[in-house]
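Undergrad: Just passing along the structure, written as structure tokens.
The values are calculated or read from the model by the stated rules, or taken from the named source; none is laboratory data. Computed from a prediction, not measured in an experiment: that's the story for all the values here. Neighbour counts run over all protein chains shown; Cβ positions are idealised from the backbone, glycine included. Just the protein is used for accessible areas: all its heavy atoms, side chains included, with ligands, DNA and RNA removed. Shrake-Rupley method; radii C 1.70, N 1.55, O 1.52, S 1.80 Å.
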Amino acid sequence: QGTMFRCSARCCEDTAASMQEVQRCIERCHAPLARAQALVTAELEHFQDRLSRCSLQCSDQAKDALESGGSEPRVRGQLDACLASCGEQHLRLVPAMAKKMRDGLAAIEQ
């Protein structure tokens, strides 16, 4: 982040530059940070979306089981187990997601 501020400060040192040129220069300094934020946001949204789809599938199965005459305590137990399984599956994805983010951020910093 220090590099970004130094870069922005240099933009302001050019006394011959117009306001628009200074603005464009500062935007170029901030572009890597914006790309980094977009990358992290996209990865987290993708992860959340997958977890949400898994949870919805559990809910659908529970609804189907109730409609076909399953007892509520039994169906609730199955739903809890299904949701726990979603959580475990997605926890296992976290290291790979973190690596993907690290690799992406390293590429932006190049």
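Undergrad: Given R₀ = 35 Å, what would the calculated FRET efficiency be for residue 59 paired with residue 103, taking r from the Cβ atoms and rounding to 0.05?
TA: After rounding, the FRET efficiency stands at 0.55.
Undergrad: Roughly how many Å² is the accessible area per residue of the chain, as a whole number, for a 1.4 Å probe?
TA: 75 Å²
Undergrad: (i) 1.34; (ii) 1.00; (iii) 1.08: which one is Rg/Rh (Cα atoms, Kirkwood Rh) as calculated from this entry?
TA: Calculated Rg/Rh (Cα atoms, Kirkwood Rh): the matching label is (i).
Undergrad: Once neighbouring chains are kept in place and the probe is 1.4 Å, which whole percent of the accessible area of the chain is contributed by carbon and sulfur?
TA: On the chain, the fraction of accessible area on carbon and sulfur atoms equals 56 percent.
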